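Data block below; observations after.
The values are calculated or read from the model by the stated rules, or taken from the named source; none is laboratory data. Predicted, not measured: the structure shown is a model, and the values here were computed from it. Neighbour counts run over all protein chains shown; Cβ positions are idealised from the backbone, glycine included.
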Ligand SMILES: Cc1cc2nc3c(=O)[nH]c(=O)nc-3n(C[C@H](O)[C@H](O)[C@H](O)COP(=O)(O)O)c2cc1C
């Protein structure tokens, strides 16, 4: 359900403490999320200004090791460039990006990252920041692979 369909966010509209309550809700949601959360500005290379604990656990990077750097620090030789091309196009068009690509932890090990990027607009309707929601889906992908590999083919079933 999107926030537009959710009346909860309108309850506080006339409350003078609205901004502070929203700040606490926002901060708690990010800090305790099971997903990695990464926020960048719209500056050159999209410099990182925030990462949560789940991001640090997933990637092995501490917050101060990535602040000011581009999220492309997560990329390496096996990262699919066609996904990044689509990401650039979506960002330029102001669309939400959703995709998967191989990323690299600080120790150089590979994992499959699934992530969304949402533009956060300022009062002029221009994206001033980008919010990424990230997940390590390596296990799910291996599990899907196992299901395909161990599922008997029609021919094998007939032979039984
Ligand atoms: C908010 C945000 C989060 C991003 N997160 C990732 C990520 O988790 N993994 C990744 O490979 N690239 C991520 N990127 C993409 C890279 O930072 C970069 O934009 C992309 O590689 C395209 O730029 P390039 O054409 O200079 O390579 C993210 C970009 C933004 C704006």
query = Restricting attention to segment 105-124, which residues are closer than 24 Å to residue 26 by Cα and either at pLDDT 95 or above or within 11 Å of the ligand (Cβ to nearest atom) (or both)?
reply = 113, 114, 115, 116, 117, 118, 119, 120
query = Residues 30, 38: which one is at pLDDT 95 or above, in a helix (DSSP H, G or I) and surrounded by 11 or more Cβ atoms within 10 Å (Cβ to Cβ)?
reply = 30
key: Members of segment 71-117 found to be surrounded by fewer than 16 Cβ atoms within 10 Å (Cβ to Cβ) and part of a strand (DSSP E or B), listed by number   = 98, 100, 110, 116
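Mind telling me which of the residues 87, 74, 38, 30 ends up being near the ligand (Cβ under 10 Å from one of its atoms) and over 20 Å from residue 106 (Cβ atoms)? Even if it seems obvious, please write down each step before you answer.
Numbers: 74 fails: over 20 Å from residue 106 (Cβ atoms); 38 fails: over 20 Å from residue 106 (Cβ atoms); 30 fails: near the ligand (Cβ under 10 Å from one of its atoms).
So the residue among 87, 74, 38, 30 that is near the ligand (Cβ under 10 Å from one of its atoms) and over 20 Å from residue 106 (Cβ atoms) is 87.
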query = Would a scan of segment 128-140 turn up a residue that is more than 9 Å from the ligand (Cβ to nearest atom) and more than 25 Å from residue 31 (Cα to Cα)?
reply = no
